[in-house]
Amino acid sequence: MFELNSALKATGIAAAIFMLSGPGYADDIEDSINEALEYYHDGEYKDAVESLNYATQLIQQKKGGELEAFLPEPLDGWSAQPPSSQAAGGAMFGGGVTAERTYSKNASSVTVRIITDSPMMQGMMMMFSNPMFAASDGGKLERVGRQKAIVKFDSDNRQGEINIVVAKRFLVTIEGNDVSAEDLKAYAEAIDYKKLKDMP
């Protein structure tokens, strides 16, 4: 019953979100929630949980699509693949909702990734609260634009990453190969953090 009660708490959130979705998404989410309620009233708790989990998955997919809008356009001289998003299981990026886009320029490549609702946030917050944790992993606490960031860069191999936590809800990661530190910082600064922070 604990699993069912936890799942039922999601129905209120789901009901609020599906009304903001497109008609197709709204119909699918609403249908799944109503189906779950029918199963619940009939005492078919396992089926109720499965229907609620499906509704949750649809909501996460919608959220991932909204995150894609925050991925920057390619910088001058760079090209980019279309953005993509997914609701990942625990084995991928620690779970949660992920949106990412890969950029290239000759042999150089950069991937910008935004993750939310992930258990990874707790560990990253520890690194930001205590620079010793970041240093032990080869990182350095810096400011990139107006954002606090943990920067790791190997100048010999021209590769590295920047991690930024936004509003304690989003983890922004910029990874690059055959790039300069300035390339990574330029992509980090191209994100609209104020709008991301205000995302519902």
Original post:
Taking interchain pairs and intrachain pairs at least six residues apart, which have beta carbon atoms under 9 angstrom, with the first residue in the range 181-198 and in the same structural domain as Tyr103 (by TED's automatic domain parsing) and the second acidic (Asp, Glu)?
Top reply: Leu184/Glu161; Leu184/Glu175; Lys185/Glu142; Ala190/Glu73
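Each row is one residue, and each column tells you yes or no for (1) within 20 Å of Leu71 (Cβ to Cβ); (2) at pLDDT 95 or above; (3) not small (Gly, Ala, Ser).
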| position | (1), (2), (3) |
| --- | --- |
| Gln86 | yes, no, yes |
| Tyr103 | yes, yes, yes |
| Met120 | yes, no, yes |
| Glu161 | yes, yes, yes |
| Lys168 | no, no, yes |
| Ile174 | yes, yes, yes |
| Ala188 | yes, yes, no |
| Asp192 | yes, yes, yes |
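Rundown of residues vs (1) of a type in the set (S, T, N, Q); (2) in contact with an Asp or Glu (Cβ under 6 Å, 6 or more places away or on another chain), yes/no style:
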| position | (1), (2) |
| --- | --- |
| Thr102 | yes, no |
| Gly139 | no, no |
| Gln147 | yes, no |
| Arg158 | no, yes |
| Arg169 | no, no |
**OP:** All but one of (1) within 23 Å of Lys195 (Cα to Cα); (2) modelled with pLDDT under 95 hold for Val144, so report the exception by its number.
**Re:** (2)
Subject >> Which listed residue is surrounded by fewer than 19 Cβ atoms within 10 Å (Cβ to Cβ), within 21 Å of Leu184 (Cβ to Cβ) and under 15 Å from the mean Cα position of the chain (by Cα), from Ser84, Ser104, Ser155 >> reply: Ser84
Original post:
Within the bounds of the range 163-184, is there any residue that is in contact with a helix residue (DSSP H, G or I) (Cβ under 9 Å, 6 or more places away or on another chain) and basic (Lys, Arg)?
Top reply: yes
Subject >> Check on Arg113, among the basic types (Lys, Arg), modelled with pLDDT of 95 or more, surrounded by 21 or more Cβ atoms within 10 Å (Cβ to Cβ) and within 17 Å of Leu196 (Cβ to Cβ) >> reply: no
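Residues Ile174, Ile191, Ile115: which one is on the phi < 0 side of the Ramachandran plot and in a loop (DSSP other than H, G, I, E, B)? Walk me through how you get there before you give the answer.
Working: Ile174 fails: in a loop (DSSP other than H, G, I, E, B); Ile115 fails: in a loop (DSSP other than H, G, I, E, B).
Answer to the check: Ile191.
The values are calculated or read from the model by the stated rules, or taken from the named source; none is laboratory data. Because the structure is predicted, anything quoted here is derived from the model rather than measured. All Cβ positions, glycine included, derive from the backbone under ideal geometry; neighbour counts span all protein chains shown.
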